[in-house]
């Protein structure tokens, strides 16, 4: 009888761990890496296009 209760508790804790790990929207354990100064970022501003030349 005691083995059944222990097994039930272990099974419940195992399910709670698995279901908790699959929960969406959780914060990551480590913060994302920040780029070091001097490296270009992915969202760089585009340069404006050159003005058109009009031959005369």
Residue under evaluation residue 18, criteria (1) over 25 Å from the mean Cα position of the chain (by Cα); (2) surrounded by fewer than 10 Cβ atoms within 10 Å (Cβ to Cβ); (3) at pLDDT 75 or above, criterion not met: (1)
Candidates 44, 50 - the one that is out of contact with any strand residue (DSSP E or B) (no Cβ under 9 Å at 6 or more places or on another chain) and modelled with pLDDT under 65: 44
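The values are calculated or read from the model by the stated rules, or taken from the named source; none is laboratory data. Worth saying up front: this structure is predicted, and the values here are computed from it rather than measured. Note: ideal-geometry Cβ built from the backbone for every residue, glycine included; neighbour counts use all protein chains shown.
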